[in-house]
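Trainee: Next up is a structure, given as structure tokens.
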Amino acid sequence: MIRFVPRERTPVWLTLAVSVGAGIAALLLTAVPLALSGAPVLSAFRLMVEGAAGSGFAFAETLTRATPLIFTGLAAAIAFRARLWNIGAEGQLYAGALATVALGAGLLELPPALLVPVVLVGAALAGAALLLVPVFFKMRFGADEVVVTLLLNFVMLLFVQMMLEGPMKDEMALGWPQSAPVLDEATLPKLVSGLRLHWGLVLAVICAVALHVLITRTVWGFRIRAVGENARAARYAGLPVGKAMALVGLLSGGLAGLAGASEVAGLKGYLTADLSPGFGYAGIVVATLANLSPLGVIPAAIFIAGVFVGADSMSRAIGVSNYLADLVVALSLLSVLIGGLLARFRIVFVRRETA
Amino acid sequence: MWAALEILTQANFWAATIRIATPLIFGVLGALLCERAGVLNLGIEGIFVAGAMSGWLAVYLGLPLWGGVLVAALVGALFGLIHGVLTVPLGLSQHVTGIGVTLLATSVAYFGYRVAFPNVATPPRIEPFSPLDLPMLRDLPFVGPILGQQTAFTVLAFASVAVLALVLACTPLGLAIRAVGDNPEAVEAQGLSVVGLRIGAVMAGSALMALGGAFLTLSAFNAFYFGMINGRGWVCIALTVFASWRPGKALVGALLFGALDAYQLRLQTITGGAVPSQIFLMLPYLFSIAALVLVARRADYPRALMKPYFKGQR
């Protein structure tokens, strides 16, 4: 008979091994559908690795793709720490993107040193506002935030489409619904000229470090963790549960909003309704792979971004559908969940007692 | 103004209401069966996609329509098994696992579709379920044209409501399922297997969810499209709370939602573009959120919902 015995503490190497192992397991499992589809498995994987990290240019592309994933991964990590199940980062990303265009495409005329921060704060507040609605519904009416945040994703996407076909439509764009471009003063500069990599990445890393400090070194971080571990006990101990939840909502939604700002002001330059290929949902996988650690989000986001970039490149080369990337991402999530059991429990084989 | 009310007198409107409600009936029944047994199944959105794709593909490859329905149910049960094993004996987070199952089922379906049809401009089609057109129903005033447009798949949905209501309320199995979601210790004390009951309920519930997806590709439409589920699964999770986990109320909730969705589509054509179409398209989602918030305070959640149970541990 097998028994799970809880570990008193999990060694750091084991937590790391679980995450790395889950990524490898996901890639190995993906070989099965890949082989079934008749593709050459080994060369497909080689092409994926080359496409994601085979050259400086390829890796820069991976880092570019990782940038929004760090933001949405942090958004999920902080929310899940407090057991606030924010599945709405996709919608909050679009709220942030919309705010970026609203503020940065001509409404305000300020020098870059002022306009960039104003746009970023505006985007973060827009994302946060969209999450604070379900947080309020949860605290006030006990409405499950999972469903509300999920459904708001669809509402928000429709709202973006409405704005792009209506008041925010760029008349210069030929028919295709897209917003006016953001001003040069609101644009996040490129990190290296000639590459698409931009300052959004630096901002994302700063956010990760700041969130790490907040969670591990401050009173509010302690309160957030306490609420996540046992909300009833936290309330009994006199902790301000409502305020802690509001803070988590503000941070989580704000980070997702920054993902939208970074994509629009750093990469695309304007807003379309297909800005995000599911960055919000992938953020959940990133956060889980990182074991909800803000610093761990950075390598996890780079891994997931590498899978997407590598799969795109492999798909162009040998014509295997790049939906393979989504398969790897889904399998990574399930693998790390199962692997997490090994980190939390020791598995002991005990002989069944004879009666 | 009259035009807005006149919609309600059109047989087409009521026929569309039932057509839109049918996949949701399956979805809400599936979700409530899982949750009655104590397991939240957020895999629903992906299971809808997988059911829609696998049922359709089976028919495209030559199986009869009911064969496609069966394939979809089996595929749904398989994803249910994955969700059940991860969340019941292993006790993993039902939220995150459910999202994982949705991502997995969706990507398997999309990848499979692209492998089967690498370069098609227009989606390939099948011959879907045809309307029932029963002679004695056809001639009824008003109701005739409404029911005449429905297919046998819709009849299956309505029958499922009755069967699930009966099973949950009147059979020992139903009692055991309800008990395992309220008080698993008591079930254990009866010598029944908590793990077996929960996994079984999640598999059966997931099969029902997959039927909701299959209805779209085998009856409502005749092809599989990317993004065709578009949040229908999540709507079902909200409607489950609205229905207080009762099959009869699930039917009411799904029909209400169907009526609202059918109504907004017709209202769009009446207003003739004066109001952006997206406003109307938002209504069903906003309605689901409002329904959830309104009943949340009074909602009588299954008491052991989302609480993993380990043998011999309190």
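Trainee: Could you please give the count of residues in segment A:246-269 that are surrounded by fewer than 24 Cβ atoms within 10 Å (Cβ to Cβ) and farther than 23 Å from residue A:180 by Cβ? If you could, list the steps in order and put the result at the bottom.
Mentor: Taking segment A:246-269 and keeping what is surrounded by fewer than 24 Cβ atoms within 10 Å (Cβ to Cβ), we get A:246-247, A:250, A:267-269.
In the following step, the residues that additionally are farther than 23 Å from residue A:180 by Cβ were identified as A:246-247, A:250.
Residues that pass the stated criteria total 3.
Trainee: Now for a different question. Please find, within segment B:85-100, the residue that is nearest to the other protein chains (Cβ to nearest Cβ) out of those that are under 16 Å from residue A:345 (Cα atoms) and part of a helix (DSSP H, G or I).
Mentor: Here the residue is B:86.
Trainee: While we're looking at this one, here's another question. Working only within segment A:121-145, note down all residues that are surrounded by 24 or more Cβ atoms within 10 Å (Cβ to Cβ) and β-branched (Val, Ile, Thr).
Mentor: The answer is A:135, and nothing else.
Trainee: Search segment A:313-335 for residues being facing another protein chain (nearest Cβ under 9 Å) and of a type in the set (Val, Ile, Thr), and hand back the single one that is farthest from the chain's Cα centre (by Cα).
Mentor: The extreme case among them is A:320.
Trainee: Give the residue that is nearest to residue A:275 (Cα to Cα), with candidates limited to residues of segment A:158-206 that are among the β-branched types (Val, Ile, Thr) and without any contact (Cβ under 8 Å) to a residue 60 or more places away in the chain. It would help to see each step written out before you state the result.
Mentor: Within segment A:158-206, the first condition is being among the β-branched types (Val, Ile, Thr), and the residues that meet it are A:160, A:182, A:187, A:192, A:202, A:205-206.
Pick out the ones that are also without any contact (Cβ under 8 Å) to a residue 60 or more places away in the chain and you get A:202, A:206.
Details: A:202: 21, A:206: 23 Å.
Checking each candidate, the answer is A:202.
Trainee: Identify the single condition in (1) outside any helix (DSSP H, G or I); (2) more than 14 Å from every other protein chain (Cβ to nearest Cβ); (3) small (Gly, Ala, Ser) that residue A:266 does not satisfy, given that it satisfies every other one.
Mentor: All conditions are met except number (1).
Trainee: Could you please let me know if residue A:289 is under 30 Å from residue A:79 (Cα atoms) and either in contact with a helix residue (DSSP H, G or I) (Cβ under 8 Å, 6 or more places away or on another chain) or away from chain B (no Cβ under 14 Å) (or both)?
Mentor: Details: under 30 Å from residue A:79 (Cα atoms): yes; either in contact with a helix residue (DSSP H, G or I) (Cβ under 8 Å, 6 or more places away or on another chain) or away from chain B (no Cβ under 14 Å) (or both): yes.
Taking the combined requirement at face value, the residue satisfies it.
Trainee: Turning to a different aspect of this structure: Look at segment A:146-162 and say how many of its residues are over 18 Å from the mean Cα position of the chain (by Cα) and either among the β-branched types (Val, Ile, Thr) or more than 9 Å from chain B (Cβ to nearest Cβ) (or both).
Mentor: Here the count works out to 4.
Trainee: Taking the options A:177, A:181, name whichever one is part of a loop (DSSP other than H, G, I, E, B), farther than 25 Å from residue A:294 by Cα and within 14 Å of another protein chain (Cβ to nearest Cβ). Break it down stepwise before answering.
Mentor: On the way: A:181 fails: within 14 Å of another protein chain (Cβ to nearest Cβ).
Exactly one of A:177, A:181 is part of a loop (DSSP other than H, G, I, E, B), farther than 25 Å from residue A:294 by Cα and within 14 Å of another protein chain (Cβ to nearest Cβ), namely A:177.
Trainee: In contact (Cβ under 8 Å) with a residue 24 or more places away in the chain, in a helix (DSSP H, G or I) and within 14 Å of chain A (Cβ to nearest Cβ) - does that describe any residue in segment B:185-195?
Mentor: Yes, some residue in segment B:185-195 is in contact (Cβ under 8 Å) with a residue 24 or more places away in the chain, in a helix (DSSP H, G or I) and within 14 Å of chain A (Cβ to nearest Cβ).
Trainee: Sticking with this structure for a sec: Given the residues A:273, A:300, which is the only one that is assigned to a helix (DSSP H, G or I) and in contact with a helix residue (DSSP H, G or I) (Cβ under 8 Å, 6 or more places away or on another chain)?
Mentor: Step by step, each of A:273, A:300 is checked, and only A:300 is assigned to a helix (DSSP H, G or I) and in contact with a helix residue (DSSP H, G or I) (Cβ under 8 Å, 6 or more places away or on another chain).
Trainee: Here's a follow-up. On the basis of being farther than 30 Å from residue B:108 by Cα, within 14 Å of chain A (Cβ to nearest Cβ) and within 23 Å of the chain's Cα centre (by Cα), does residue B:242 make the cut? Step through it out loud before you land on a result.
Mentor: Numbers: farther than 30 Å from residue B:108 by Cα: yes; within 14 Å of chain A (Cβ to nearest Cβ): yes; within 23 Å of the chain's Cα centre (by Cα): yes.
Against the criterion (farther than 30 Å from residue B:108 by Cα, within 14 Å of chain A (Cβ to nearest Cβ) and within 23 Å of the chain's Cα centre (by Cα)), residue B:242 qualifies.
Yes or no, residue by residue, for (1) assigned to a helix (DSSP H, G or I); (2) within 14 Å of chain A (Cβ to nearest Cβ); (3) farther than 29 Å from residue B:174 by Cβ:
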site	(1), (2), (3)
B:6	yes, no, yes
B:16	yes, no, yes
B:26	yes, no, no
B:40	no, yes, no
B:47	yes, yes, no
B:51	yes, no, no
B:83	yes, yes, no
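Trainee: Being out of contact with any Phe, Trp or Tyr (no Cβ under 6 Å at 6 or more places or on another chain), of a type in the set (Gly, Ala, Ser) and touching a residue at least 60 places away in the same chain (Cβ under 8 Å) is the requirement here; does residue A:300 meet it?
Mentor: On the way: out of contact with any Phe, Trp or Tyr (no Cβ under 6 Å at 6 or more places or on another chain): yes; of a type in the set (Gly, Ala, Ser): yes; touching a residue at least 60 places away in the same chain (Cβ under 8 Å): yes.
Here the answer is yes, as residue A:300 does meet what is asked.
Trainee: Looking at segment A:283-295, is at least one residue surrounded by fewer than 24 Cβ atoms within 10 Å (Cβ to Cβ), of a type in the set (A, V, I, L, M, F, W, C) and in contact with a Gly (Cβ under 8 Å, 6 or more places away or on another chain)?
Mentor: Going residue by residue through segment A:283-295, those that are surrounded by fewer than 24 Cβ atoms within 10 Å (Cβ to Cβ) are A:291-293, A:295.
Keeping just the survivors that are of a type in the set (A, V, I, L, M, F, W, C) gives A:292, A:295.
The next check asks that each one be in contact with a Gly (Cβ under 8 Å, 6 or more places away or on another chain); those that pass are none.
Within segment A:283-295, none of the residues are surrounded by fewer than 24 Cβ atoms within 10 Å (Cβ to Cβ), of a type in the set (A, V, I, L, M, F, W, C) and in contact with a Gly (Cβ under 8 Å, 6 or more places away or on another chain).
Trainee: Please find, among B:103, B:74, the residue that is within 14 Å of chain A (Cβ to nearest Cβ), in contact with a helix residue (DSSP H, G or I) (Cβ under 8 Å, 6 or more places away or on another chain) and at pLDDT 95 or above. Working first, answer last.
Mentor: Numbers: B:74 fails: within 14 Å of chain A (Cβ to nearest Cβ).
Exactly one residue qualifies, and that residue is B:103.
Trainee: Run residue B:216 past the list (1) at pLDDT 95 or above; (2) within 13 Å of another protein chain (Cβ to nearest Cβ) and report the number of the one that doesn't hold.
Mentor: For residue B:216, the exception is condition (2).
Trainee: Check off (1) at the interface with chain B (Cβ under 10 Å from one of its Cβ atoms); (2) touching a residue at least 60 places away in the same chain (Cβ under 8 Å); (3) part of a loop (DSSP other than H, G, I, E, B) for residue A:143 and give me the number that stays unchecked.
Mentor: Of everything listed in (1) at the interface with chain B (Cβ under 10 Å from one of its Cβ atoms); (2) touching a residue at least 60 places away in the same chain (Cβ under 8 Å); (3) part of a loop (DSSP other than H, G, I, E, B), residue A:143 misses just condition (2).
Trainee: Is there any pair linking a residue in segment B:160-184 that is farther than 18 Å from residue B:202 by Cβ to one that is small (Gly, Ala, Ser) and at pLDDT 95 or above, with Cβ under 6 Å and at least six apart or on different chains, and which?
Mentor: Close Cβ pairs (under 6 Å, with a partner that is small (Gly, Ala, Ser) and at pLDDT 95 or above) amount to B:165/B:248.
Trainee: Here are A:242, A:266, A:253: which of them is touching a residue at least 24 places away in the same chain (Cβ under 8 Å) and within 16 Å of the chain's Cα centre (by Cα)? I'd like the intermediate steps shown before the answer.
Mentor: Working: A:242 fails: within 16 Å of the chain's Cα centre (by Cα); A:266 fails: within 16 Å of the chain's Cα centre (by Cα).
Going through A:242, A:266, A:253 in turn, the sole match is A:253.
Trainee: With respect to residue B:126, determine if the residue is assigned to a loop (DSSP other than H, G, I, E, B), among the hydrophobic types (A, V, I, L, M, F, W, C) and either under 23 Å from residue B:43 (Cα atoms) or in contact (Cβ under 8 Å) with a residue 12 or more places away in the chain (or both). Break it down stepwise before answering.
Mentor: Details: assigned to a loop (DSSP other than H, G, I, E, B): yes; among the hydrophobic types (A, V, I, L, M, F, W, C): yes; either under 23 Å from residue B:43 (Cα atoms) or in contact (Cβ under 8 Å) with a residue 12 or more places away in the chain (or both): yes.
It is true that residue B:126 is assigned to a loop (DSSP other than H, G, I, E, B), among the hydrophobic types (A, V, I, L, M, F, W, C) and either under 23 Å from residue B:43 (Cα atoms) or in contact (Cβ under 8 Å) with a residue 12 or more places away in the chain (or both).
Trainee: Take segment A:314-351 and flag every residue that is of a type in the set (Gly, Ala, Ser) and surrounded by fewer than 17 Cβ atoms within 10 Å (Cβ to Cβ). Lay out the reasoning, then the answer.
Mentor: Step one: filter segment A:314-351 for residues of a type in the set (Gly, Ala, Ser), giving A:315, A:317, A:319, A:321, A:325, A:330, A:332, A:335, A:339-340, A:343.
Selection gives A:317, A:319.
Trainee: State all residues of segment A:90-140 that are under 24 Å from residue A:279 (Cβ atoms), within 14 Å of chain B (Cβ to nearest Cβ) and free of Cβ contacts under 8 Å to residues at least 24 places away in the same chain; if no residue qualifies, say none.
Mentor: Scanning segment A:90-140 gives a single hit, A:133.
For (1) among the aromatic types (Phe, Trp, Tyr); (2) closer than 18 Å to residue A:347 by Cα; (3) within 14 Å of another protein chain (Cβ to nearest Cβ), each residue gets a yes or a no:
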position: A:2; (1), (2), (3): no, yes, yes
position: A:6; (1), (2), (3): no, yes, yes
position: A:9; (1), (2), (3): no, yes, no
position: A:14; (1), (2), (3): no, yes, no
position: A:37; (1), (2), (3): no, no, yes
position: A:45; (1), (2), (3): yes, no, no
position: A:53; (1), (2), (3): no, no, no
position: A:65; (1), (2), (3): no, no, no
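Trainee: Which residue out of A:52, A:76, A:17, A:26 is surrounded by fewer than 18 Cβ atoms within 10 Å (Cβ to Cβ) and either in contact with a Phe, Trp or Tyr (Cβ under 8 Å, 6 or more places away or on another chain) or in a helix (DSSP H, G or I) (or both)? Break it down into steps so the answer makes sense when it comes.
Mentor: Values: A:52 fails: surrounded by fewer than 18 Cβ atoms within 10 Å (Cβ to Cβ); A:76 fails: surrounded by fewer than 18 Cβ atoms within 10 Å (Cβ to Cβ); A:26 fails: surrounded by fewer than 18 Cβ atoms within 10 Å (Cβ to Cβ).
Unique residue meeting the criteria: A:17.
The values are calculated or read from the model by the stated rules, or taken from the named source; none is laboratory data. Bear in mind that the values here come from a model prediction, so they are computed numbers and not experimental data. A quick note on method: Cβ atoms are made from the backbone with ideal geometry, for glycine too, and the neighbour counts reach across all protein chains shown.
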